[in-house]
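**Student:** Take a look at this one; I'll ask things after.
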Amino acid sequence: MVDFLSFRDDEPGQEPAVTFEAFAGQTNATAVRIEPGDDARALLPSLDRISLVEVNFPVFGDGRGYSAARILREAGYTGELRAVGDVLVDQIVAMRRCGFDSFRPDHPFDQTAVDAALARYADVYQKTVDGRAPVWAKRHPETTHG
Amino acid sequence: MYRYDQYDQSIVEARVAEFRDQTARRLSGALTEDQFKPLRLTNGLYLQLHAYMLRVAIPYGTLSGRQMRMLAHIARKYDRDYGHFTTRQNIQYNWIKLEDAPDILAELATVEMHAIQTSGNCIRNISSDQYAGVSADEVADPRPWAELLRQWSSFHPEFSYLPRKFKIAVIASPEDRAAMRLHDIGIELVQRDGVVGARVFAGGGMGRTPMVAPEIRDFVPESDLISYVEAALRVYNRYGRRDNKYKARIKILVHELGADEYRRQVEEEFAAMKQLGLDPPTAELDRIRGYFADPAYESGLPDSVDRSDPAFALWIDQNVKAHKQPGYAIVNISLKPAGGIPGDASSAQIDLVADLAERYSMDELRVTHAQNLVLPYVRKADLFAIWQALDDVGLAEANLDLISDIIACPGLDYCSLANARSITVAQKIANRFADPARQRDLGELKLKISGCINACGHHHAGHIGILGVDRKGVENYQLSLGGSGAEDASLGAITGPGFDENGIVDAVEKVTDIYVRERTAGERFLDTYRRIGMKPFKEALYG
Ligand code: SF4
């Protein structure tokens, strides 16, 4: 069973993440944890000093963290983006597509289930922040930019 | 019609494999029902009163004869020999065994069909105009746009756990046959300076707080469609309410923020997202459009029809609509035979309609949000043969848009959320107005019944709407008047205290009596109601 999963080459961030509220006042903090109601956009001015963002999922069905992750990646954040909390193995594909690159689930993953999930969909319909070419780009290699 | 390429096919097959694995984990006990529930729900599998219900997507209500035949096969092999066409242009099966579900999905995949996102808090099947491509009043065929949105919304990674379900409709005519403004997002294709683009509405819906969607953008060009809709969804995903399931639809967000503020937030998000290259190249919509090109129409066909059989002539007048192409007609097949269950069809009936589509309608048919079927490309010369074939299987009811063409949700007979029976009430009303001449005299009259406040039977949008409520453990029915899901969209108003099961049938009759007494020449029920208001109806009901 796996209780931490990373897709990054560097070492996982160890610094305890401070809350979103505390982060604004602690100019030396480099790790921050955001809750579903926090506005990820407020972090954008400080992105260059952040090396870890933890996005908490108190319940798996609250999907706000997916938007938060994409917003950070779209703004150019390249540090660690970790999904924590009620994160299920059946969600990691979508989370990877939204830019998460590490996971600390409340209940450990089964490695075989992780591997099966990640290998399952060879093709995707949308362009997101994970660099995968959507099927429309494969269909039109000549006209597709970026 | 759209056909899958290797990518579409591989995605649907991957989904079948994934669901097979999830079901196996459930059956072995590795997953609890609580853990399995969100997984099966995103695949249209509900646990209902008596069994599992499986909802199969029919994208924008369009399907081929081969796909229709598969629906019959599933009814025969895995269910009790019938299926139920829904107000979302889908089909559902009420008696499915969990262990069969993966095989059903595998069979569907062989004919380019699936059950992806037919439930759950995600973007549902895209709905559209059942006359798309064959109606003279459209500015473009809406289905390529709907297909583009279908692909974009399938497994959308950011929008799989929205606050609540999300329904999108695309139309392209001034006449709205899809209740577009009662959707979470409604898109009307319009033309500006010779270019087709999307006029976007947001925040419509039924349920316990019905709303008609306000316009949020007058024109989104083709090249911005995906990033604009993506922005609209992102604002909803971030700020839609999650504290109360009954306040979680986008209509509440748009209502609480106000359309102007919601629009401002979407524009701000769109400005950022437009830079990200999320929109497919125009070549992609062109590629999809290629599949929806006009079929090879024959020219020089006769426009006249031999009307000497009076029953046939009545059916033509009621169920057959004008086609954009000379010599052709649009045939509506009513799934509301007297005494039947609205939207139900047996496997034999489904097979027959598949045959007719292949033989007489360029191998294509449609499902309507009024739970009827359409043969869109029929030569007028073939109408009589079609009518006879339909009559043989009890599908020649000439009641399109009449009082017995009732929309009804499954209600207490199947649905675990229901307060009251919908089907029985529909049957009793249809029996009360069984005389076809009386129905025709009453003219266009859209009667819609929901078995609870969730409004799956669209009662808010009924010229006459009926809502089942629970009154101290007894089934009770509220009556409302004046709703419309068409281009003149409006919400019905409740007449007053409710009625019991027989009382509601009497009440509907009283209301139609007032209409007959008060109408002026050419007025439909809805027009008379709008002119004279609620008072005379109230007096007749409670006076
Ligand atoms: S309206 Fe209510 S009773 Fe009818 S199908 Fe929907 S949830 Fe069930």
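**Student:** Pick from B:R40, B:R26: which is crowded, with 16+ Cβ neighbours inside 10 Å, part of a helix (DSSP H, G or I), under 26 Å from the mean Cα position of the chain (by Cα) and at pLDDT below 95?
**Tutor:** B:R40
**Student:** List the pairs whose first member sits in the range A:30-41 and is under 9 Å from A:F20 (Cβ atoms), whose second member is open to solvent by 60 Å² or more (accessible area, probe 1.4 Å) and among the β-branched types (V, I, T), and whose Cβ atoms are under 9 Å apart, counting only residues at least 6 apart or on separate chains?
**Tutor:** Close Cβ pairs satisfying both conditions: A:V32/A:T19; A:R33/A:T19; A:I34/A:T19; A:E35/A:T19; A:D38/A:T19.
**Student:** While we're here: Answer yes if at least one residue in the range A:101-108 is under 20 Å from B:F155 (Cα atoms) and either in contact with a Phe, Trp or Tyr (Cβ under 9 Å, 6 or more places away or on another chain) or part of a strand (DSSP E or B) (or both), and no otherwise.
**Tutor:** For the range A:101-108, residues under 20 Å from B:F155 (Cα atoms) and either in contact with a Phe, Trp or Tyr (Cβ under 9 Å, 6 or more places away or on another chain) or part of a strand (DSSP E or B) (or both): present.
**Student:** Within the range B:296-313, which residues are under 11 Å from B:P326 (Cβ atoms) and of a type in the set (F, W, Y)?
**Tutor:** B:Y297
To keep it simple, each residue is scored yes or no on (1) farther than 21 Å from A:R8 by Cα; (2) surrounded by 14 or more Cβ atoms within 10 Å (Cβ to Cβ); (3) more than 7 Å from chain B (Cβ to nearest Cβ).
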| position | (1), (2), (3) |
| --- | --- |
| A:F103 | no, yes, yes |
| A:F109 | no, yes, yes |
| A:D123 | yes, yes, no |
| A:T128 | no, yes, no |
| A:R132 | no, yes, yes |
| A:A137 | yes, yes, yes |
| A:P141 | yes, no, yes |
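**Student:** Looking only at residues in the range B:141-166 that are in contact with a helix residue (DSSP H, G or I) (Cβ under 9 Å, 6 or more places away or on another chain) and over 22 Å from B:D8 (Cβ atoms), which one is nearest to the other protein chains (Cβ to nearest Cβ)?
**Tutor:** Of everything passing the filter in the range B:141-166, B:Y161 is nearest to the other protein chains (Cβ to nearest Cβ).
**Student:** Oh, and also: Just checking, which of A:A83, A:A113 is under 30 Å from B:Q35 (Cα atoms), within 11 Å of chain B (Cβ to nearest Cβ) and not in a loop (DSSP other than H, G, I, E, B)?
**Tutor:** A:A113
**Student:** Restricting to the range B:232-254, and then to whatever is more than 10 Å from chain A (Cβ to nearest Cβ) and more than 15 Å from B:H183 (Cα to Cα), can you tell me which residue is farthest from the chain's Cα centre (by Cα)?
**Tutor:** B:D243
**Student:** Please find, among B:P295, B:P280, the residue that is of a type outside the set (D, E), part of a loop (DSSP other than H, G, I, E, B) and more than 14 Å from every other protein chain (Cβ to nearest Cβ).
**Tutor:** Matching residue, one of B:P295, B:P280: B:P295.
**Student:** I would also like to ask the following. Considering only the range B:434-449, I want to know if a residue exists there that is assigned to a strand (DSSP E or B), farther than 24 Å from B:G204 by Cα, within 13 Å of the ligand (Cβ to nearest atom) and open to solvent by less than 60 Å² (accessible area, probe 1.4 Å).
**Tutor:** no
**Student:** Only residues that are without any contact (Cβ under 8 Å) to a residue 40 or more places away in the chain and part of a strand (DSSP E or B): list them for the range A:1-22, please.
**Tutor:** A:V18, A:T19
**Student:** Moving on. Could you please tell me which pairs satisfy a Cβ distance under 7 Å, a separation of 6+ or placement on different chains, a first residue in the range B:451-466 that is within 9 Å of the ligand (Cβ to nearest atom), and a second residue that is open to solvent by 20 Å² or more (accessible area, probe 1.4 Å) and not in a loop (DSSP other than H, G, I, E, B)?
**Tutor:** B:G451/B:L412
**Student:** So which of A:T143, A:T128 ends up being touching a helix residue (DSSP H, G or I) at 6+ places or on another chain (Cβ under 6 Å) and touching a residue at least 40 places away in the same chain (Cβ under 8 Å)?
**Tutor:** Only one candidate qualifies: A:T128.
**Student:** Same structure again: Working only within the range B:400-416, note down all residues that are farther than 16 Å from B:N476 by Cα, of a type in the set (G, A, S) and within 11 Å of the ligand (Cβ to nearest atom).
**Tutor:** B:S416
**Student:** Across the range B:417-433, what is the number of residues that are within 16 Å of the ligand (Cβ to nearest atom) and either assigned to a loop (DSSP other than H, G, I, E, B) or buried (at least 22 other Cβ atoms within 10 Å of the Cβ) (or both)?
**Tutor:** Here the count works out to 9.
A quick yes/no check of all residues on (1) basic (K, R); (2) touching a helix residue (DSSP H, G or I) at 6+ places or on another chain (Cβ under 6 Å); (3) open to solvent by 20 Å² or more (accessible area, probe 1.4 Å); (4) under 27 Å from B:A357 (Cβ atoms):
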| position | (1), (2), (3), (4) |
| --- | --- |
| B:Q6 | no, no, yes, yes |
| B:Q35 | no, no, yes, no |
| B:R69 | yes, yes, yes, yes |
| B:R80 | yes, no, yes, yes |
| B:Y93 | no, no, no, yes |
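**Student:** Count, please, the residues in the range A:23-49 that happen to be assigned to a loop (DSSP other than H, G, I, E, B), open to solvent by less than 50 Å² (accessible area, probe 1.4 Å) and under 15 Å from A:I71 (Cα atoms).
**Tutor:** Qualifying residue count for the region: 2.
**Student:** Kindly establish whether B:A259 is more than 13 Å from chain A (Cβ to nearest Cβ), under 28 Å from B:E175 (Cα atoms) and loosely packed, with under 15 Cβ neighbours inside 10 Å.
**Tutor:** Judged against the criteria, B:A259 is not a match.
The values are calculated or read from the model by the stated rules, or taken from the named source; none is laboratory data. None of the values given here were measured: they were computed from a predicted structure. Reconstructed Cβ throughout: ideal geometry from the backbone, glycine too, with neighbour counts over all protein chains shown. With ligands, DNA and RNA removed, areas are computed over all heavy atoms of the protein, side chains included. Shrake-Rupley method; radii C 1.70, N 1.55, O 1.52, S 1.80 Å.
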